[in-house]
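A.B. asks: Sharing a structure, written as structure tokens. Questions coming.
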Amino acid sequence: MPRIKKEKKKKSLRSKYRFSIFNDTSHEELFVLRANGLSMILSICLAIIFIIGAVTVLISYTPLREFIPGYPNAQTRRAIVQNAIKADSLEQVVKLWDYHLSNIQRVIKGEKPIDNIELTTSSDTSATTLKRIGIKEDSLLREEVSRQELFSLGSKNKSIEQIEGLHFFPPVKGVVSDGFNLATNHPYIDIAAPKNSVVSAVLDGTVISGGWNDETGFTIQIQHSNDLISIYKHNSKLLKKTGDIVKAGSAIALVGDSGNLSTGSHLHFELWHKGVAIDPAKHIKF
């Protein structure tokens, strides 16, 4: 009996089947599919595999993944980055307060205050924090402004003309962690992105400066038409040098965390028009 059943199964797999669709009124055959049992099983398996693959690709590479429970959307990811930066800033401020409190206690005891360069190993963290966010940061900020003025970026009193008809290429794929704000002396944006992500030129132009800076790391500046200058800082590597002609969207550097003023892997991006810093978010979709 078992042998007979096996033979029947083999016979059913080899048997040919026909699937037809007829017009109910005219009985005209509209569609016909002929296949044996084994072909039907293979076709169904391939169809299931294709559907699973298509769904996986849609979920992995399209915004549909944001509908998966637990997966953060763009706003949540941006909030995570901003909260991480704020937490780091608060931690630095607390360490700076600890340093000042330690000096106050030493003064009360009649001891000599600890200088920010002479801190011992036990207070190395406070010393590093002081040098990065204290006195040195103010002087570095003044030096950065002076350096920008050397490149004839001009006065902020000039009026900004409307930039029309220009198609800006996004400099990097990432999340804007800190936006443009002249009121807080932040005339640029910070874009959080994975390390070694490709940094692209926003417009056609010529590299007018490319090299290393202790505060901003690997920095590159590009002169564009319409009196526009774009600046890219804290890169891990520069792919272009001074004098190179670049096209919009061409790779010019890799995202990094170089320079004393950097607090994480990101791109510091500036856009200037006729010597005035402008908000890149108004012209570029990040």
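Where a number appears in this text, it was derived from the coordinates with a stated rule and is not lab data. Everything quoted here is computed from the prediction, not taken from an experiment. Note: ideal-geometry Cβ built from the backbone for every residue, glycine included; neighbour counts use all protein chains shown.
A.B. asks: How long is the gain from Ser225 to Lys282 if the chain were fully straight, where each residue apart is worth 0.36 nm and the alpha carbon distance is subtracted?
C.D. replies: Gain in length upon complete extension: 18.7 nm.
A.B. asks: Counting other beta carbons within 10 Å of each Cβ, put Thr62, Thr242 in order, fewest first.
C.D. replies: Exposure proxy ranking, most exposed first: Thr62, Thr242.
A.B. asks: Once you've got the Cα coordinates, tell me which of Lys233/Lys274; Lys173/Lys240; Lys86/Lys240; Lys86/Lys247 are over 31 Å apart.
C.D. replies: Beyond 31 Å: Lys86/Lys240; Lys86/Lys247.
A.B. asks: Okay, next question. Taking other Cβ within 10 Å of each residue's Cβ, how do Trp272, Trp97 sort, fewest first?
C.D. replies: With the fewest neighbours first, Trp272, Trp97 line up as Trp97, Trp272.
A.B. asks: Contour minus end-to-end for Arg77 and Ile114, with contour as 0.36 nm per residue of separation and end-to-end as the Cα-Cα distance?
C.D. replies: Answer, rounded to one decimal: 9.2 nm.
A.B. asks: Further question: What FRET efficiency comes out for the pair Ser60/Leu90, r = Cβ-Cβ distance, R0 = 45 Å, nearest 0.05?
C.D. replies: 0.80
A.B. asks: Dividing the alpha-carbon Rg of the range 156-282 by 2.2 N^0.38 Å yields what?
C.D. replies: Rounded to two decimals, the normalised Rg is 0.98.
A.B. asks: Using modelled amide H (1.01 Å from N, peptide plane; none on Pro or chain starts), what sits under 5 Å from the amide H of Ile208, excluding residues fewer than 5 places away?
C.D. replies: When sequence neighbours closer than 5 places are left aside, the close amide H contacts are Gln221, Ile222, Gln223, Gly243.
A.B. asks: Once each part is reduced to its C-alpha centroid, what is the distance from the range 72-110 to the range 220-279 in angstrom?
C.D. replies: 29
A.B. asks: Would you list Tyr17, Tyr232, Tyr61 from fewest to most Cβ contacts within 10 Å?
C.D. replies: So the ranking, lowest neighbour count to highest, is Tyr61, Tyr17, Tyr232.
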